[in-house]
Amino acid sequence: MKLTPTTLALVLSAGSIAFASPAAAQYGMPAPKAPPQVPQQSADEAPAATKGPSISNAARKEILALQTAVNAKDAATIPTALAAAQAKAKSNDDRYVIAKLQLKAAVDANDTAAMTKGVEAVLASGYAQPSELLTLYLGLGKLQYNAKAYDQAGAALDQALKIDPNNVEALVVLGETRNSQGRAAEGVALIEKAIAVRTSAGQKPEEAWYKRAVKLSFDAKLPTTPTLAREWVAAYPSPKNWRDAIRIYQTSTGLEDAALIDSMRLARATGALQGENDYFRYTNTLVTKGFPGEAKAVLDEGFAAKAIDKSRATFSQLYTVASSRSQGDRASLAASATAAKAAADGKKAMVTAEAYYGYGDYAQAAELYRAALTKSGVDKDLANLRLGMSLTGAGDKAGATAAFKAVGGAQASVAQLWLTYLAQKA
């Protein structure tokens, strides 16, 4: 049974932040600093010395009227007062103060379209200070993203990243923006950079970033998907996350279940088997490939954990087959091992090692995989993979690491997953 991309997308989205939803609560405008208060002063008096903008006498009366209306949240008066102040503005200082008041009124009214105009007006005033620009461009990018004005959002966020190339918030929002523009690969790369920035600073990136990068990559069928999933589960290991990461690997490879047995074994090791589908796929594959002892052991674990029901015909029949086929199988392994070691090629050593692995005798399995690697007729990548798995089970972390690192070719991705799990073991 194959896991469809649609099903997997639902798995990945469960419990994650809905980054693509243009909700103001998610990418809202940061609360602006209060606009400078305009001192009461007659037109023939010189402007008071301040550290902020200096209001011209020509526009003072109108700006004061606008300030009064904004502070009073007088929605009926603000538009007229704003137009009057804008008409009288003589300097960048005037335009800046007016724009800040315009922005404050928009925030007070929770009017996102007006907030966008307010931020644009602050930037257009020519007075905004360098210390403000990052916040302004970032806020503008968020507002435009929420409004689905993705080209404008991208331009604003590009400006924010010119000021601070490592601003993780700008990186993540621009990543979402690029994805919305149909540039998923760029979007994923930007979120990956945010993760790298946070990691290099000695801080743990948010799990939502990993999940989002995985989902965008998966949906776009990018080759980065398995690697991203592995990085996610390395940072946030849990049975559920392991299950998703393994399913991503299985789906991305497009292989049939018979070729995925080593990833199913990893799901068992990480406690990631959940529900009837997982147990049936795994144990049915084991029986089909000739590992009834391992199938019986997995089914016993599922019954004990109440993950599957032994009374269901599907599992009772499968258990009967696995039990009958495994009778006497274990007792014959010693003789098979002796014959395998004496054989000219390594095929019998591989088969016997796999049987020992299924019964949980990892030390004997490792010995036979090592023997197989010295003989002809053996897929050395597969042998090293299963040697690493056996040594993991036997508790030889150093030996397992070396074996997994020796794996190349088609088995390399699943070996990397096992290495990730091995690194998490005490």
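FYI, it's all coordinate maths here, none of it is from the lab. Since the model is a prediction, treat every value here as computed from it, not as a measurement. Here Cβ is always computed from backbone atoms with ideal geometry, including for glycine, and neighbour counts include all displayed protein chains.
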>> Please arrange L333, L391, L368, L255 by how many other C-beta atoms lie within 10 Å of their C-beta, fewest to most.
In response: L255, L333, L391, L368
>> Would any residue of the range 292-321 have its amide N under 18 Å from a label point 7 Å out along Cα→Cβ of N277? List them or say none.
In response: 307-309, 314-315
> About its Cα centre, how strong a charge dipole does the chain have in debye, to the nearest 20, once Lys and Arg get +1 and Asp and Glu get -1 at the Cβ?
Replying inline: 660
>> Whole-Hz ³J(HN,Hα) for each residue in the range 129-138, computed from phi via Karplus 6.51 cos²θ - 1.76 cosθ + 1.60 with θ = phi - 60°, x for glycine and proline: what do you get?
In response: 7, x, 5, 8, 4, 4, 4, 5, 5, 5
> From the phi of every residue in the range 290-305, what ³J(HN,Hα) in whole Hz does the Karplus formula 6.51 cos²θ - 1.76 cosθ + 1.60 yield, where θ is phi - 60° and glycine or proline is x?
Replying inline: x, 10, x, x, 5, 4, 4, 4, 5, 4, 4, 5, x, 5, 5, 7
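Need the full-extension length gain, D381 to Q203, defined as separation in residues times 0.36 nm minus the C-alpha distance. One decimal, nm.
Stretched out fully, the D381 to Q203 stretch lengthens by 60.5 nm.
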> Rounded to the nearest 500, what is the chain's calculated 222 nm mean residue ellipticity when only DSSP H runs of at least 4 contribute -39500 (n - 2.57) each, over all residues?
Replying inline: -21500 deg cm²/dmol
> What lysines could a cross-link reach from K148, if we take a straight Cα to Cα line under 19 Å and drop same-chain neighbours fewer than 8 places away?
Replying inline: K117
>> Please compute, over every Cα-Cα pair in the range 333-424, the percentage with a separation greater than 15 angstrom.
In response: 52
> Under the Karplus relation 6.51 cos²θ - 1.76 cosθ + 1.60, θ = phi - 60°, what is the ordered set of whole-Hz ³J(HN,Hα) values for the range 262-279, x standing for Gly and Pro?
Replying inline: 6, 6, 5, 5, 5, 4, 5, 5, 8, x, 9, 6, 9, x, 5, 4, 4, 5
>> Loop by DSSP (not H, G, I, E, B), at most 11 other beta-carbon atoms within 10 Å: where is the longest site-free stretch of the chain for GluC sites (Glu not before Pro)?
In response: 46-255
> Going by alpha carbons, how many degrees (0 to 90, nearest 10) lie between the helix axis of 150-163 and the longest principal axis of the chain?
Replying inline: 90
> How many nm is it between the label spots at S56 and V351, if each spot is 7 Å from the Cα in line with the beta carbon?
Replying inline: 9.4
> Local charge sum around R212 (other residues, Cβ-Cβ under 12 Å, Lys/Arg +1, Asp/Glu -1)?
Replying inline: -3
> What angle do you read, to the nearest 10 degrees and between 0 and 90, between the alpha-carbon axis of helix 380-394 and the longest principal axis of the chain?
Replying inline: 90
>> To make sure I understand the rule: partners must be lysines, Cα under 22 Å from the Cα of K425, and not fewer than 8 residues away in the same chain. Which ones qualify?
In response: K204, K240, K397, K405
>> Loop-only trypsin sites (Lys or Arg not before Pro) in the range 55-111, please: DSSP not H, G, I, E or B, and at most 16 other Cβ atoms within 10 Å.
In response: K73, K90
>> What is the angle, in °, between the Cα long axis of helix 112-124 and the longest principal axis of the Cα atoms in the chain? Nearest 10 is fine, range 0 to 90.
In response: 70
